[in-house]
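A.B. asks: First, the structure itself, so that you have it in front of you.
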Amino acid sequence: MGQTLTAKNNNVGDTFTGSLASSVRIDGVMVLKAGTPVTGTVVSAHGQGRFKGAGSLGIQLRSVGRYNVATNEHDVVEKGKGKRTAGFIGGGAGGGALIGGLAGGGKGALIGGLLGAGAGTAGSAMTGNKAVTIPAESVVTFTLRQPLQIQSSR
């Protein structure tokens, strides 16, 4: 990968560049050298939600050197954090109710519970949301969907 791609910053149709990490050989004959430039396209990009919902980023190669290619889609998926969010909200509500109950009885427990749930929701929204990313210099493997027609120079 020639640059970093993220579901947050890239859109379907964006192009990327890179180079072959290793040479391609057919029947022992090198047909594409390591370092041959490649270009590709972002074919899906869906950022993670703040509270739930997985994020994904999909890319495909369009050319290797001077050859157009059709490859499989390489997908990167990050799970959502639905259970984690519920834990933050529930834990915040329980902690707030306990503190409110100790400080002000039943009414304090209700107010503390509501404030704690709000703090838990905010904590969940602000923490731990990993960006769906394919870093620069990553080695990504693609499979051709159609045979590559290379003309022999013999």
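A.B. asks: Roughly how many nanometres apart are two label points built 7 Å out from the Cα toward the Cβ at Ser19 and Leu144?
C.D. replies: Roughly 2.2 nm, to one decimal.
A.B. asks: Follow-up question, since we're still on this one. Show me 58-68, 5-15, 20-30 ranked by packing, highest mean number of other Cβ atoms within 10 Å first. Don't skip to the answer; put the middle values down first.
C.D. replies: Values: 58-68: 17.0, 5-15: 15.1, 20-30: 10.8.
My ranking of the peptides, most packed first, is 58-68, 5-15, 20-30.
A.B. asks: Contour minus end-to-end for Thr4 and Val43, with contour as 0.36 nm per residue of separation and end-to-end as the Cα-Cα distance?
C.D. replies: Gain on extension, Thr4 to Val43, equals 12.5 nm.
A.B. asks: Using 1/(1 + (r/R0)^6) with R0 = 35 angstrom and r between the beta carbons of Tyr67 and Ala131, what's the FRET efficiency to the nearest 0.05? Could the numbers behind the result be given before it?
C.D. replies: Details: r = 32 Å, r/R0 = 0.93.
Working from the Cβ atoms, E equals 0.60.
Only the coordinates and a few stated rules stand behind these numbers; no lab work does. Here the structure is a predicted model, which is why all the values come from computation and not from measurement. Using ideal geometry, Cβ is built from the backbone for each residue, glycine included, and neighbour counts are taken over all protein chains shown.
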